[in-house]
Amino acid sequence: KQWYQRRVAITAGIEPWEEPNFSHYMKKDRYGFIHEKPIPMEPLDKKSLEKKQIKEKKWLRMVKHWQETNRVPEDLKSRIWKGCPDSLRGQVWPLMLRIREIKQSNEKTHGPNMYERMKEKARRKSPDIRQIDLDVHRTYRNHEMFQLKYGVMQQKLFYVLAGYSMFNKEVGYCQGMANVVALMLMYLHEEEDAFWALTSLLRGERYKMNDFFTPRLPKLFRCLDHHMVLRKKFIPSVHKHLKKLQYEPTLYATKWFLQCYLDKLPFSLALRVWDIFLLEGEEIETAMAIAILRTFKKTLIKQNDEQLNDFLCRLCESQLDEEKIIDNLSEVLLDLRRQRMSHLPKEKIIEELKPSESLSTLPSNKKVKKEKSTDCDSALIPLL
């Protein structure tokens, strides 16, 4: 009885949020997303925990050697496909994105404090400020980092998007960019690192996301067209069924490509896809779309258009076999590479006719190179 009274006296001054069973903690998953209902606690398995710790130690040694030598480890590829530990993504992603090299290259050419200068320029001149402000308040509001309106992480997200709108005027700002930057901030935390990560994703030769966000979204439509070709060749039964129902790729694959599957797959699987995307590059976007359809082929060919739409657009709410999907992605990527179809076909460039010319006067095989942008802000971004 005396022990109980002492315990009551000790805990009397504890705030509700200090208790481990506080409702907020019971509704939060391991990635920081707040759910409506409490999440059942996973039982602790000693063997699984030991295996996880051994894996993390191996990754730590690899990352340390990578940082010291600046050489990509030989076993990085096999390890990424098996899954990067969530606790180490903040160290691995910057290395794969080559953030330090991009920053040094830009500042060597155009002077120090590039990001701060772009932020200041955005405050004075960006035409996208109002739209960015609206979209920031809609981005991952169910995540603990972005819940608080005008909180620290919302401010960081706003500044990165605003600064980049001045840095890359060819793109400016497009709505799909907010979720990508928010993902980078979840793991990189620093504004400037997220800024250079976005630069790598949009202008890097490995990722080439720039044309997803330029006016008219040219790369999106190239991806959708290429997806139709791949669908017909590699999963003809699904292609025939969707074609019969007139269920077009624009109805299910638009956000798959624009945000590289963010918000369209369970977050844990989306992270696995992003690990592989940062390693392999743009090939993963089209390969993953085929992998998803191949994984659920037997289900899809039995569904009508409403069921298809409900199933494909709500994959993020489903319990999926992640390992099976990743294995299918690996197989699809190998198939596409063997057929030399893993990359998008080259963009067709149509020459702009002069007033005095007509189509009949142009030679049929005449090719004209695209003019380079003379925008000084666009020129600041190196093609990696």
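The values are calculated or read from the model by the stated rules, or taken from the named source; none is laboratory data. Computed from a prediction, not measured in an experiment: that's the story for all the values here. Here the Cβ is made from the backbone with ideal geometry for all residues, glycine too, and neighbour counts use every protein chain on show. Quick note on the areas: whole protein, heavy atoms, side chains included, nothing else; ligands and nucleic acids left out. Shrake-Rupley method; radii C 1.70, N 1.55, O 1.52, S 1.80 Å.
Values as computed for the structure displayed
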{"item": "Accessible surface of Ile301 - all protein chains present, 1.4 Å probe, nearest 10 Å²", "result": "70 Å²"}
{"item": "Pairwise FRET efficiency - Lys27 versus Ser330, Cβ, R0 = 45 Å, nearest 0.05", "result": "0.85"}
{"item": "Qualifying chymotrypsin sites (Phe, Trp or Tyr not before Pro) in the range 125-180, DSSP loop, other Cβ atoms within 10 Å at most 14", "result": "Tyr150"}
{"item": "Label-point separation in nm, Ser237 to Arg61, each point 7 Å along Cα→Cβ", "result": "4.6 nm"}
{"item": "Label point at Arg130 placed 7 Å out along Cα→Cβ; residues across the range 163-193 whose backbone nitrogen lies under 11 Å", "result": "none"}
{"item": "Share of alpha-carbon pairs per 5 Å distance bin for the range 86-239, given as whole %", "result": "2, 9, 17, 19, 19, 15, 9, 5, 3, 2, 0, 0"}
{"item": "Projected label distance in nm at Gln175 and Thr214, using a 7 Å step from Cα toward the beta-carbon", "result": "2.2 nm"}
{"item": "C-alpha center-to-center spacing [the range 83-98, the range 136-175] in angstrom", "result": "21 Å"}
{"item": "Most to least accessible of Arg61, Arg98 (protein chains only, probe 1.4 Å)", "result": "Arg61, Arg98"}
{"item": "List Thr139, Thr254, Thr109, ordered by accessible area with a 1.4 Å probe, largest first", "result": "Thr109, Thr254, Thr139"}
{"item": "Gap separating the Cα centres of the range 40-78 and the range 283-298, nearest whole Å", "result": "28 Å"}
{"item": "Violating pairs (Cα-Cα greater than 32 angstrom) within the set Lys27/Lys219; Lys77/Lys264; Lys47/Lys208", "result": "Lys27/Lys219; Lys47/Lys208"}
{"item": "Spin-label pair Ile39/Phe221, simplified geometry with 7 Å Cα→Cβ offset, distance in nm", "result": "4.1 nm"}
{"item": "For the range 95-145: rounded, prolate or oblate by the Cα gyration tensor [a/c cutoff 1.5]", "result": "oblate"}
